[in-house]
Amino acid sequence: MLQKKRLFNNKGFTLMEVLASITLLSIIVLTFLQLFAFTNKVAVENNNKLVAVHLAKAMLERVKIEPGLYIDLPLDSCPQKNEKGQCLYTTSYPINGKNYEVLITANQKPDEKAIGLIHIVVETRLQGDDSKVSSKVEGYVSDEEIQE
């Protein structure tokens with residue numbers, strides 16, 4: 001009668017097999033941890049960008065509704081100007097524990113002045129951030145609304 005070959009070895013794992021499996025599992029776990037950390041960083045940065053975009057749009061709508069609160073006429077006598085000589089109004093808003101700087105620029109070219117429009121640029125920036133999160137929107141307001 002032929003002896004049956006043993007299919008299973010009851011001796012257990014060797015030290016080398018255990019070390020190899022721990023090393024392999026460590027590499028897999030560390031890879032996934034790095035992936036999760038990167039995904040979290042991207043999600044936070046995208047959230048900051050989204051806040052900047054919505055804040056810029058909201059500020060432009062505020063300027064359109066009540067331009068006299070943000071813009072003084074005549075534009076030539078505004079108190080603060082940027083490097084291009086345009087009127088500049090600044091403020092900041094704390095949102096989600098971070099400060100966003102809002103820059104409102106008002107400019108009126110001769111052809112815009114002839115039809116009574118003022119060009120408005122609203123730019124928002126996340127203060128103290130190295131990723132340079134910012135957003136910029138543009139629009140026009142009537143200079144008649146400011147004089148009322």
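Throughout, read-outs are computed from the coordinates displayed, never taken from laboratory work. No experiment lies behind these values; they were computed from the predicted model shown.
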Taking Cα atoms only, helix 15-65 is inclined relative to the longest principal axis of the chain by an angle, in degrees rounded to 10, of 10
Using the Cα gyration tensor of region 65-125, with a ≥ b ≥ c the square roots of its eigenvalues, what is the shape: rounded (a/c below 1.5), prolate (a/b larger than b/c) or oblate (neither)? prolate
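At 222 nm, what helix-only mean residue ellipticity would the chain give, in deg cm²/dmol to the nearest 500, using -39500 (n - 2.57) for each DSSP H run of four or more? Walk me through the intermediate numbers first.
Working: 3 runs with 62 residues, N = 148.
Only helices count here, giving -14500 deg cm²/dmol.
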Spherically averaged projected area of region 15-147 from its Cα convex hull (nm²): 11.1
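Run the numbers on region 1-111 and let me know its relative contact order in percent, using alpha-carbon pairs under 8 Å that are six or more apart. Provide the component values of the computation, followed by the final result.
Details: 52 pairs, mean separation 15.2, N = 111.
Computed value for region 1-111: 14 percent relative contact order.
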